[in-house]
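Scroll down for the structure; my scribbles are underneath it.
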There are 2 protein chains.
Amino acid sequence: MPRYTAPAKDMQFILQEVLSASTSDVPGYDEMDADTTAAIIEEAGKLASEVLQPLNEIGDTVGCTLENGVVRTPEGFKDAFEQLKEGGWTGLDCDPEYGGQGMPYLMGTAVGEAFVSANMAFNMYQGLTHGAYSAIHVHGTEQQKQTYLPKLVSCDWTGTMNLTEPHAGTDLGMMRTKAEPQEDGTYAITGQKIFISAGEHDLADNIIHLVLAKIPGGPEGVKGISLFIVPKFIVNEDGSLGARNGVSVGKIEEKMGIHGNSTCVMNYDGATGYLLGDANKGMRAMFTMMNEARLGVGLQGYAQAEVAYQNALDYAQDRLQGRDITGVKNPDGPADPIIVHPDVRRNLLDQKSFTEGSRAFTYWCAHLIDRSHRLDDAEAEGIVSLMIPVLKGFCTDKGFESTINAQQVYGGHGYIEEWGMSQFARDARIAMIYEGANGVQALDLVGRKLSQDGGKHVMAFFEMIKTYCKEHSEDSAMAEFVEPLKSASKDLQAAAQYFMMNGMKNPNNALAGSYDFMHLMGHVCLALMWARMAKTAQDALASGASDTSFYETKLATARYYMARQLPATKMHLARIESGADPVMTLEAANF
Amino acid sequence: MPRYTAPAKDMQFILQEVLSASTSDVPGYDEMDADTTAAIIEEAGKLASEVLQPLNEIGDTVGCTLENGVVRTPEGFKDAFEQLKEGGWTGLDCDPEYGGQGMPYLMGTAVGEAFVSANMAFNMYQGLTHGAYSAIHVHGTEQQKQTYLPKLVSCDWTGTMNLTEPHAGTDLGMMRTKAEPQEDGTYAITGQKIFISAGEHDLADNIIHLVLAKIPGGPEGVKGISLFIVPKFIVNEDGSLGARNGVSVGKIEEKMGIHGNSTCVMNYDGATGYLLGDANKGMRAMFTMMNEARLGVGLQGYAQAEVAYQNALDYAQDRLQGRDITGVKNPDGPADPIIVHPDVRRNLLDQKSFTEGSRAFTYWCAHLIDRSHRLDDAEAEGIVSLMIPVLKGFCTDKGFESTINAQQVYGGHGYIEEWGMSQFARDARIAMIYEGANGVQALDLVGRKLSQDGGKHVMAFFEMIKTYCKEHSEDSAMAEFVEPLKSASKDLQAAAQYFMMNGMKNPNNALAGSYDFMHLMGHVCLALMWARMAKTAQDALASGASDTSFYETKLATARYYMARQLPATKMHLARIESGADPVMTLEAANF
């Protein structure tokens, strides 16, 4: 059976040494002193290893069941959810005014990583609730906030997000769910929504559905979409639960993975809904939550890779098979552990350098979100809006690939369900799809974010890298990290340049390269992170840090990333520079 | 529900136009005239689409069950297996002396592709039987051949391959199953084998297990391994079935996929075994079958990608979502089909150019095996022994990746089991693992095949590409294909050169790059195939072939491969040239 241990030291390294959280100027970061973050990570890690991880297997094998309209989560989920609530984890980074603990989003992100690694399907119940909390917190009326937020912060009630319909996924403008205005100011919501995670379950007394729908007579397409609060039970004025609302679960889907989370078809039959935010501005309301939601999914990508890596590493250190070609390492045993074999190491280091790089990337983006929210830092907001599609697309694609690689370390045992590696792979697969499939992330990046505000944000990012390289240009010990970063960033700039020169006359010259651009940029971001981590490690070693092997391992892993991962940028650039023709020439009928 | 249609025209294109089978000098190829191969493919395709494919879903959802020592295959499997037998498909390329039809292996490979695409788990029952047939055909005594071959050719009995033990997978030298010589010349086989595909089932009257075991007192390690025939029921002298042998199924494994095939733990408890081939030469006997077995698994890689592609293409042409950015394509509908979007096309063309290239590569290797067997062509045998690890490793890695990409086209629906794309992905995953995990293929390629016979075979391969490029150097219409091939093959030669220069002083300089070398070489092989296919298409167009769109599509797909896939070679070379250090520096304890 697989195990999970929160990588507390690596997490602290990013929080305290790379991002210097405790000395940051962001309001609230003064609470993130090293002792506090260490204690929080330790407690979260304990809950993750001891409570959530042991339920991961039953979540997969038993999953959720629907009987007579009632969805049951697997045995043990309810108890674990209570422990999560009692520990105050559900409101860690929520507004104290509504019962939250007010910690920075960065702290919530680190804790979230441990929970997702331990049990991704389970953690979605609170993750979606957090999303509903954010939407109501930003767009709700005072009364709506008072009514819903305390219960969402505590997870006494959970939340959902209802966007997709059978014929309307990426193209939400085609949605048909309608919201008829009623005399009392409410709306009657009618329609069918699909793929609703945590749409129905037995973990909470009430479920607060956020539903996109069209008010008849409104504008066509996405400009006529509004957002509604549709509680499973109507909330009385005194806060008690009233009548059952006209929303019901149609079925739960049989999925490839995340069986512990109920993915529901939800039927709305004249259900009472309350407008959230302005009429016809539903998409805008959704967008304000999108950065956090997509960061959360990108995190799922590397968090699954992390737990898969931990177990693959255990296996590689235990499994005896063959001998080190350069000399026996385990003379008393019948064979050497397979970690002696170069290709097993190559595989493990691909995983390790990816997950650690992605952790730094994700925490950095969470930090930028804090800057944007708590300091009104417009530059941080601009950069993070550019990074989010990269984080979501790159970290979930590579996270899945990394999880598959971890499974591969097990040989035949990796394919057998009881070893747990298959579940990691099947669970990780969804992150490439939901919250905007990765092709849509690439489109968002190249079709929208690159040119946003006149291209200001991508210019700022290039400038950031240039400045970083310049600052370290005299530091000969850093050359082995700075030079590859510089070279990779030149590839990225050349790609952006190609889009600028050729996208005007034919936008397909840019769009045909969008996916490659997303990956190219992902590599540059991780290279920047590895350069920063390497510098931090060098400084620590220079100042006589006691744990030399920790920092030397960081340097070795940084070198691996530069030597073995970063060469991908030239391949992506070559693909991009081949332009639209190879992709667009063939008639659809001739595929 | 997914569908499958055998790509008859593409198959014929390779057989008749690219490989010119009907005019080949290989004995038996005279039976492969265009009409005959077309008729065979049509009939096989019909069986695949109408009988095997409709059983693919139940194979997955119901799978095999074990009760009281009896394994039941899913409903419908037995009938389908009878149809396969009645049609003579199981003995298509088997020796006529034992009831086979004597067709070339190439023909069997094309037919096998259709069956594997339609139902991979089902086809394994006959695939393993074919392996047992080959082993006994090559190594059996006359009496063994007479006893077993006719029944294996007809699939009245099926076969299995028993190698792995719980503690001995790749490292077979550690196996413990023992074979005690008995006074009557038989052996008593005792031990446990795991991961035995088709180890027990209800499709045949008898199951002929080929079992690797050690005769006590023999040499240590792999040099003391012998191969035994262990029938489930002892065969009487008159050919009738006698006593139940001491072999039983311990359990069937819960796997990620291929649920329609029973993967068994087999317990041997003093079972009667008959030595096959020479004592202590079991590994050599296994090796003679390895080329075909590994080709068969490589084929599974692209055959799953093929069926996944067919369905992804249907979906992309049907699903309406968004609009073509350069102008509406479906003005009467609410949106355009998603195949208008550049990134969806990029995804589909990655799949299409891979599967068609791999088909050509696989058929070419099958043709080389025919040359080696039917013409005793030593050069063909040398080349194919070099190609096999590439075919197995590259086509299964890329085949899985391609299947995942096909699943991605479906968005959220791809994750829901009822759409069938998840099964393709889960089934395809095994091909990267069994029959030698892909890391072992890379080791075989770089540690063994490159230097085999003084490096003669890899030199011959380089010479083949050089000659090809030279032959077409004056042909300006071919330049767009020959130039990228030449450049990619230079990368491959540079990588081989790097291994030669640096592998002597430290073998890890080669082994740390083995996986990248396997992929680099895979790309060069597919580029060679695409160049050959492009030339064939150009010739057909020049000679006034009527189906211009078929040949123009081949040219467009060849261009895509050169522009969008081949740039990977430089990335692999850069990774290789970083040598052993990035991979070997870190102490195992510090991972």
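Just so it is clear, none of the values below were taken in a lab; they were calculated from the coordinates. Quick caveat: nothing in here was measured; it's all calculated off a predicted structure. Cβ: placed from backbone, ideal geometry, glycine included. Neighbour counts: every protein chain shown.
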Inset, instruction - For residue B:455, go 7 angstrom from Cα along the Cα-to-Cβ vector, then report the distances to that same point in the other copies in nm, smallest first. - result: 4.9
Legend entry - ³J(HN,Hα), Karplus 6.51/-1.76/1.60, whole Hz, each residue of the stretch B:542-550, x for Gly, Pro: 5, 8, x, 4, 6, 7, 4, 5, 4
Inset, instruction - Please give the average number of partner chain Cβ atoms lying within 10 Å of the Cβ of each residue in B:336-344, rounded to a whole number. - result: 6
Inset, instruction - For residue A:329, go 7 angstrom from Cα along the Cα-to-Cβ vector, then report the distances to that same point in the other copies in nm, smallest first. - result: 5.1
Legend entry - Whole-number Å³ per residue for the convex hull built on Cα positions in the stretch A:289-436: 113
Inset, instruction - Identify the residue of chain B whose Cβ lies closest to the rotation axis that maps chain B onto chain A, and give that distance in whole Å. - result: B:571, 2
Inset, instruction - Report the relative contact order of chain A, percent, no decimals, based on alpha-carbon pairs under 8 angstrom and at least 6 residues apart. - result: 12
Legend entry - At 7 Å out from Cα toward Cβ: residue B:221 inter-copy label distances (nm, ascending): 7.0
Legend entry - Cα-based Rg and Dmax for the stretch B:535-591, where Dmax is the largest Cα-Cα distance (Å): 21.5, 66
Legend entry - Contour excess over end-to-end distance, with Cα ends at residue A:589 and residue A:279 and 0.36 nm allotted per residue: 107.4 nm
Legend entry - Descending principal axes extents, the protein assembly as shown, alpha-carbon based, whole Å: 90, 70, 65
Inset, instruction - Starting at the first residue of the stretch A:464-474, write each ³J(HN,Hα) from the Karplus equation 6.51 cos²θ - 1.76 cosθ + 1.60 with θ = phi - 60°, in whole Hz, x for Gly and Pro. - result: 4, 5, 4, 4, 4, 5, 5, 4, 10, 5, 8
Inset, instruction - Could you list the square roots of 5 times each eigenvalue of the Cα gyration tensor of the stretch A:230-269, that is, the equivalent ellipsoid semi-axes, sorted largest first and rounded to whole Å? - result: 28, 12, 5
Legend entry - Interatomic Cα distance distribution for the stretch B:88-208, bins of 5 angstrom, percent: 2, 11, 17, 19, 20, 15, 10, 5, 1, 0
Inset, instruction - Filter the trypsin sites (Lys or Arg not before Pro) in the stretch B:1-54 down to the DSSP loop ones having no more than 13 other Cβ atoms within 10 Å, then list what survives. - result: B:3
Inset, instruction - Rounded to the nearest 500, what is the 222 nm mean residue ellipticity of chain A from helices alone, with -39500 (n - 2.57) per DSSP H run of 4+ residues and division by all residues? - result: -17000 deg cm²/dmol
Inset, instruction - Take every residue in peptide A:511-520, count the Cβ atoms of other chains within 10 Å of its Cβ, and give the average of those counts. - result: 3
Inset, instruction - Starting from the exponent 0.38 and prefactor 2.2 Å, build the expected Rg for the stretch A:8-287 from its residue count and divide its actual Cα Rg by it. - result: 1.03
Inset, instruction - For the stretch A:236-250, take each phi angle, set θ = phi - 60°, evaluate the Karplus expression 6.51 cos²θ - 1.76 cosθ + 1.60, and give the result in whole Hz per residue in order, putting x for glycine and proline. - result: 5, 4, 7, x, 6, 8, x, 5, 5, 7, x, 10, 9, 8, x
Legend entry - Potential extension, residue A:23-residue A:463 segment - 0.36 nm per residue separation minus Cα distance: 156.0 nm
Inset, instruction - Assign one of three labels to the stretch B:412-551, namely rounded, prolate or oblate, based on the Cα gyration tensor with a ≥ b ≥ c the square roots of its eigenvalues; rounded applies when a/c is under 1.5, prolate when it is not and a/b is larger than b/c, and oblate otherwise. - result: oblate
Inset, instruction - Would you compute the Debye intensity of chain B from its alpha-carbon atoms alone, equal scatterers and no solvent, and pass along log10 I(q)/I(0) at q = 0.06, 0.10 Å⁻¹ to two decimals? - result: -0.31, -0.89
Legend entry - C-alpha center-to-center spacing [the stretch A:97-148, the stretch B:463-521] in angstrom: 53
